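Enquirer: The structure's right below; bear with me while I get my questions together.
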Amino acid sequence: QVQLVQSGGGLVQAGGSLRLSCAASGRSFSRYGTGWFRQAPGKEREFVAAINWSDSNTYYSDSVKGRFTISRDNANSQYLQMNSLKPEDTAVYYCAVDSRPSYSDYKTYNYWGQGTQVTVSS
């Protein structure tokens with residue numbers, strides 16, 4: 001069983017930056033696929049960024065490419081650095097982990113963080 005604890009997030013003005021963290025209890029990320037998703041009110045959960053389990057390549061949605069960076073350390077934490085934030089980035093952000101997920105499909109991840117609110121004001 002993997003437990004994920006998120007930190008970071010909050011309120012920021014447009015153009016600002018935030019960093020989200022996600023720590024796994026007692027489990028290294030090294031052989032897992034890890035990702036970040038977000039969900040705005042009334043919308044389906046959507047893919048933001050991921051590190052693929054098979055090749056450790058990083059992938060981003062078109063809406064955040066060039067502004068967000070996903071990373072993880074060699075232990076048990078992953079991060080999402082968010083720069084040049086826009087009001088449309090406002091959502092609850094979730095980290096996710098699984099052994100062999102389809103990196104952009106949230107339905108293939110079984111382990112989730114508790115979610116953290118990111119609000120970008122215009």
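Enquirer: Please list, by residue number, every one of the GluC sites (Glu not before Pro) in the range 28-122 that is coil in DSSP and has at most 15 other beta-carbon atoms within 10 Å. Mind dumping the intermediate values first?
Expert: Details: sites: Glu44, Glu46, Glu88; in loops: Glu44.
Hits after loop and neighbour filter: Glu44.
Enquirer: Let me ask something else about it. Computed from the mean reciprocal separation of all distinct C-alpha pairs, what Kirkwood hydrodynamic radius does the range 1-44 have, in Å?
Expert: Numbers: mean 1/r = 0.0768 Å⁻¹.
For the range 1-44, the Kirkwood estimate is 13.0 Å.
Enquirer: Quick one: accessible area per residue over the range 5-122, 1.4 Å probe, rounded to a whole number of Å²? All intermediate terms of the calculation are to be shown ahead of the outcome.
Expert: Details: 5920 Å² over 118 residues.
Accessible area per residue: 50 Å².
Enquirer: I'd like the FRET efficiency for Ala75 and Thr119, computed as 1/(1 + (r/R0)^6) with the beta carbon distance as r and R0 of 25 Å, rounded to 0.05.
Expert: Working: r = 30 Å, r/R0 = 1.19.
In this case the efficiency is close to 0.25.
Enquirer: Please report the spacing between the Cα centers of the range 1-30 and the range 42-104 in Å, no decimals.
Expert: Answer, in whole Å: 10.
Enquirer: Quick one: what does P(r) look like for the chain with 5 Å bins over all Cα pairs, in whole %?
Expert: With a bin width of 5 Å, the distribution comes to 2, 13, 24, 26, 20, 10, 4, 1, 0.
Enquirer: Report, to the nearest whole %, how much of the accessible area of the range 1-97 belongs to carbon and sulfur atoms, 1.4 Å probe, protein only.
Expert: Numbers: 2120 of 4750 Å².
Here it works out to 45 percent.
The values are calculated or read from the model by the stated rules, or taken from the named source; none is laboratory data. Since we're looking at a predicted model, the values are computed, not measured. Counting neighbours? That spans all protein chains shown, and the Cβs are built from the backbone with ideal geometry, glycine included. The area values use the complete protein model at the heavy-atom level, side chains included, leaving out ligands, DNA and RNA. Shrake-Rupley method; radii C 1.70, N 1.55, O 1.52, S 1.80 Å.
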